[in-house]
């Protein structure tokens, strides 16, 4: 597990040793095979040749991590493909002959950080090429900043690309600015790059001279091997390296060898006198899945258990739900429960329906499932018994059953005969290792390996006490030294002190309580040690209409900074922080947009934009950017940014699970734009109010 946060070390809650076991075969195993022509990673990361991009896109849901070295540069990239028309990623470039300097990090090599994005403008057709527009190093120091327009066309075993580049890709200046006729400002490109670290350098975009670049890839008769020929647009006359770089030729030669489905080796001869070598590891996260060895669904003719306590236990073991109560009213049976195992409620309902059918007399004609989360009422699903049984017996009858199923939020509160009432849930716990990593800052690679214990004690259906403790097993945090200059309060840049000051700490100890103010209004209150660095109290209110494309939430928190030893003592710094957040299901390619406006931990005000996409297997790809009024006091530039993945453990293991693990890549941890790491979110607790692809989730119910 890896968090490429430049200053941030983020705890991983779930069982990382299990996830690592699942990732190894996914990423490395397999015999040598062919990669689709034109889909390999470039030296800079992202689909391309070597030094130059192409118009090609990776498959939807693709994830890649790459490394390449062409002296004096070492490049590390992480790229994702959240939509068919967008590729985006982070890149770190280590400059071997340039140092940070004594003021920052002494004798350590300079490490530059950048954000890339490529947009497909036109898909390839029989006669027309693929066309893409891209930005390189757009959100960093722009030491390698470039813009480009590129086209690609395939002819049998050859994939050709031709592009026009500005900035780093157009340094050869084959022609004056092609946009000069629009405005004379496009004729010259500002040369003060590097002074706006962390900012989008809008003033540079598509300005200055341009140059042609391009090349081809050839699929050899031996399928794992692809050969490359490339013509660069850069002449290396204005490099950020410590010493001048000589270019003997603009023609580069390269090759790519595919080892298995997920591992690729790269080698080439560039600039006429430099050797390049690299490696990339990739997988398609949208396609991650594992054949399940869950318990078989109960047969319709299973013998009746005659004991509703035993039925509830069977539902938990087989249908993956914790039953709060079972009631009967006339010809209807209603089960109130919370999902525990299966990500899809349709799966739990299908399995529970088989158990109920075996237990109930013929006069019961309807099954109702009333779903809850931490005491909050989410929705109710209603299944006609006769069509359900027919659908299980024959797939020809499944469509008729689905036509009779309906889901609503107007819960029927009329009391019936109580057949079973479960004891309140009391104690849950998780044990396992946690790994925090730091890569991308002047301190080099930092890590902390720890063991954690995570426990919940439920006082009732709506209230629970959460406790998490961490014990360090191994680390190198003594190397943590550099703190970026800033006039803001140090609300996050003490992270190294928190992680290195104690081997055993209380990461979190808080009491949380939920309430439902109205059918669509939800409330959450909490107080205690809220996270590693802050204690306090807070609350959140959320308006989340049933099956709506939008929701609106407000959180307000009063917090105080904790002492470094992570016990119960507090420091002097305290603050109000909170945000008004709009959640919007765009209806476009499953994209969820979040916009949060409010006050951050350092007292700065601003907005955070978050856009993500969840695939059918539950994997979510996303990114966020935060802009505040901190200005130059932000630490480096005027905004913060990150890419993240949220991966269900269900995708890796043979047993279904609703647990997830999160991975984030954040170039720097700053004091500006810092948010409180709230453990619980009402939007997440009430996510089942949206049906999503509920009707398609019944496909596996009838097996």
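The values are calculated or read from the model by the stated rules, or taken from the named source; none is laboratory data. Keep in mind it's a predicted model, so treat the numbers as computed, not measured. Every residue, glycine as well, gets a Cβ built from its backbone with ideal geometry; the counts of neighbours run over all protein chains shown.
Tell me, yes or no, whether region 378-398 has at least one residue that is assigned to a loop (DSSP other than H, G, I, E, B), touching a residue at least 60 places away in the same chain (Cβ under 8 Å) and either touching a helix residue (DSSP H, G or I) at 6+ places or on another chain (Cβ under 9 Å) or exposed (fewer than 14 other Cβ atoms within 10 Å of the Cβ) (or both). No, every residue in region 378-398 fails to be assigned to a loop (DSSP other than H, G, I, E, B), touching a residue at least 60 places away in the same chain (Cβ under 8 Å) and either touching a helix residue (DSSP H, G or I) at 6+ places or on another chain (Cβ under 9 Å) or exposed (fewer than 14 other Cβ atoms within 10 Å of the Cβ) (or both). Reported count of residues in region 258-281, each being in contact with a helix residue (DSSP H, G or I) (Cβ under 8 Å, 6 or more places away or on another chain) and either in a strand (DSSP E or B) or closer than 16 Å to residue 47 by Cβ (or both), is 3. Take the conditions (1) closer than 30 Å to residue 468 by Cβ; (2) out of contact with any helix residue (DSSP H, G or I) (no Cβ under 7 Å at 6 or more places or on another chain); (3) crowded, with 19+ Cβ neighbours inside 10 Å; residue 348 misses just one of them, which is (2). Would you be able to say whether some residue in region 317-329 is surrounded by fewer than 22 Cβ atoms within 10 Å (Cβ to Cβ) and in a helix (DSSP H, G or I)? Yes.
Okay, residues lined up against (1) without any contact (Cβ under 8 Å) to a residue 40 or more places away in the chain; (2) more than 24 Å from the chain's Cα centre (by Cα); (3) in the same structural domain as residue 217 (by TED's automatic domain parsing):
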site: 79; (1), (2), (3): yes, no, yes
site: 87; (1), (2), (3): no, no, yes
site: 121; (1), (2), (3): yes, yes, yes
site: 125; (1), (2), (3): yes, yes, yes
site: 143; (1), (2), (3): no, yes, yes
site: 158; (1), (2), (3): no, yes, yes
site: 168; (1), (2), (3): no, yes, yes
site: 171; (1), (2), (3): no, yes, yes
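Kindly check whether there is at least one residue in region 97-111 that is modelled with pLDDT under 95, assigned to a loop (DSSP other than H, G, I, E, B) and over 21 Å from residue 73 (Cβ atoms). Among the residues of region 97-111, at least one is modelled with pLDDT under 95, assigned to a loop (DSSP other than H, G, I, E, B) and over 21 Å from residue 73 (Cβ atoms), which makes the answer yes.
When 223, 290, 305 are screened for being out of contact with any strand residue (DSSP E or B) (no Cβ under 6 Å at 6 or more places or on another chain), closer than 24 Å to residue 80 by Cα, modelled with pLDDT under 95 and part of a loop (DSSP other than H, G, I, E, B), only 290 passes.
Taken together, the residues in region 548-572 that are assigned to a strand (DSSP E or B) and buried (at least 17 other Cβ atoms within 10 Å of the Cβ) amount to 7. Against the list (1) in contact with a helix residue (DSSP H, G or I) (Cβ under 6 Å, 6 or more places away or on another chain); (2) within 16 Å of residue 529 (Cα to Cα), the condition residue 577 fails is (1). For region 399-424, name all the residues that are in contact with a helix residue (DSSP H, G or I) (Cβ under 9 Å, 6 or more places away or on another chain), closer than 25 Å to residue 544 by Cβ and assigned to a strand (DSSP E or B). 407 - this is the single residue of region 399-424 that is in contact with a helix residue (DSSP H, G or I) (Cβ under 9 Å, 6 or more places away or on another chain), closer than 25 Å to residue 544 by Cβ and assigned to a strand (DSSP E or B). Looking at 673, 692, just one residue is at pLDDT 90 or above, on the phi > 0 side of the Ramachandran plot and buried (at least 16 other Cβ atoms within 10 Å of the Cβ), and that residue is 673. For region 586-601, the set of residues classified as surrounded by fewer than 16 Cβ atoms within 10 Å (Cβ to Cβ) and within 19 Å of the chain's Cα centre (by Cα) consists of 586, 588, 589, 595, listed by residue number.
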